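Q: Let me give you the structure first, and then I'll get to my questions.
The values are calculated or read from the model by the stated rules, or taken from the named source; none is laboratory data. Everything numeric in this text was worked out from a predicted model, so none of it was measured. Here the Cβ is made from the backbone with ideal geometry for all residues, glycine too, and neighbour counts use every protein chain on show. Just so you know, the surface numbers come from the protein's heavy atoms only, side chains and all, with ligands and any DNA or RNA stripped out. Shrake-Rupley method; radii C 1.70, N 1.55, O 1.52, S 1.80 Å.
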Amino acid sequence: LLVIHHPACMKKQVTRSCAVRTAQFPVWTAAADDSAAPKTQFTHACDTASGSSGAPVYWQPPGGHGLVLAGLHRAGFQRDGAGVCDRVNKATHMQLIIEDTLRKAADAGSGMEAQDRDLITATFGSQP
């Protein structure tokens, strides 16, 4: 993986050669013990800092050239109710962000401007 970010409002930094820790991780709003929660996140070992949220997380396919946008960095280390640090960073899967955006674009009542719905549909297609 590779993350391009601006931690703590510093100059742009690139964190390279880090790995996915957990490919399917529960949605951030789920309780820690909710095994049925949707798995919209993944965890990674890329060093980040405060201010890195929203940074693109790229993946380079084995033997491939170029990068694939895998997700958006969402949060760093977090502590549970007992104060134990989880020591993983979290990101939201890009495909799920695109699917959610397409669902909202298809709904004229979503509050999304018509020109924005048209742009999203033209960019990603009309089917989630």
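Q: Just to confirm the number: angle between the C-alpha axis of helix 94-106 and the first principal axis of the chain, 0 to 90 degrees, nearest 10?
A: Value to nearest ten degrees: 30.
Q: Taking the Cα-to-Cβ direction at GLN78 and at GLU113 and moving 7 Å from each Cα, how far apart do the two end points lie in nm?
A: Spacing of the two 7 Å Cα→Cβ label points: 3.3 nm.
Q: With a 1.4 Å probe and all protein chains in place, put HIS65, HIS93, HIS44 in order of accessible area, largest first.
A: Numbers: HIS65 175, HIS93 35, HIS44 0 Å².
From most accessible down to least: HIS65, HIS93, HIS44.
Q: Within the accessible area of the chain, what % is carbon and sulfur when the probe is 1.4 Å and the other protein chains stay in place? Intermediate results must be reported in sequence, preceding the final value.
A: Details: 4450 of 8170 Å².
That fraction is 54 percent.
Q: Okay, moving on. Quickly estimate the mean residue ellipticity at 222 nm for the chain, helices only: each DSSP H run with n ≥ 4 gives -39500 (n - 2.57), and the total goes over all residues, rounded to 500. Walk me through the numbers before you get to the answer.
A: Working: 2 runs with 24 residues, N = 128.
My calculation for the chain gives -6000 deg cm²/dmol from helical runs alone.
Q: Please list LYS12, LYS90, LYS104, LYS39 in order of solvent-accessible area, largest first, computed with a 1.4 Å probe with all protein chains present. Don't jump to the answer; show the numbers that get you there.
A: On the way: LYS12 125, LYS90 0, LYS104 100, LYS39 75 Å².
Accessible-area ranking of LYS12, LYS90, LYS104, LYS39, largest first: LYS12, LYS104, LYS39, LYS90.
Q: According to the square roots a ≥ b ≥ c of the eigenvalues of the Cα gyration tensor, what is the shape class of the range 74-128, taking rounded for a/c under 1.5, prolate for a/b larger than b/c otherwise, and oblate for the remainder?
A: Numbers: a/c = 4.31, a/b = 2.92, b/c = 1.48.
Here the range 74-128 falls in the prolate category.
Q: Given points 7 Å out from each Cα along the Cα-Cβ axis, report the ARG16 to ASP86 separation in nanometres with one decimal.
A: Here the modelled spin labels are 2.9 nm apart.
Q: Taking the Cα centre of the chain as the origin, how large is its charge dipole in debye, to the nearest 20, when only Lys and Arg (+1) and Asp and Glu (-1) carry charge on their Cβ atoms?
A: On the way: 12 positive and 11 negative charges, 102 e Å.
About 480 debye.
Q: Let me understand the chain better: what is its radius of gyration from the alpha carbons, and its Dmax, in angstrom?
A: Rg and Dmax of the chain, Cα atoms, are 16.4, 47 Å.
Q: Using a cut-off of 13 Å between beta-carbons, work out the net charge of the residues near ASN89 (Lys and Arg +1, Asp and Glu -1, ASN89 not included). Numbers along the way, then the final one.
A: Details: positive: ARG21, ARG74, ARG87, LYS90; negative: ASP47, ASP86.
Net local charge, ASN89 excluded: +2.
Q: Order these peptides, 71-84, 51-64, by their mean beta-carbon neighbour count within 10 angstrom, highest first.
A: Numbers: 71-84: 13.2, 51-64: 14.9.
Most protected by this proxy first, the peptides run 51-64, 71-84.
Q: Using a 1.4 angstrom probe with every protein chain in place, what is the largest-first accessible-area order of CYS46, CYS85? Can you show the working numbers first?
A: Working: CYS46 0, CYS85 40 Å².
Highest to lowest solvent-accessible surface, that is CYS85, CYS46.
Q: Something else about it: Taking only Cα atoms, what is the 0 to 90° angle, nearest 10, from helix 114-124's long axis to the longest principal axis of the chain?
A: 60 degrees
Q: Run the lone-cysteine check on the chain: no other Cys C-beta under 4.7 Å from the residue's C-beta.
A: CYS9, CYS85, each lacking another Cys Cβ under 4.7 Å.
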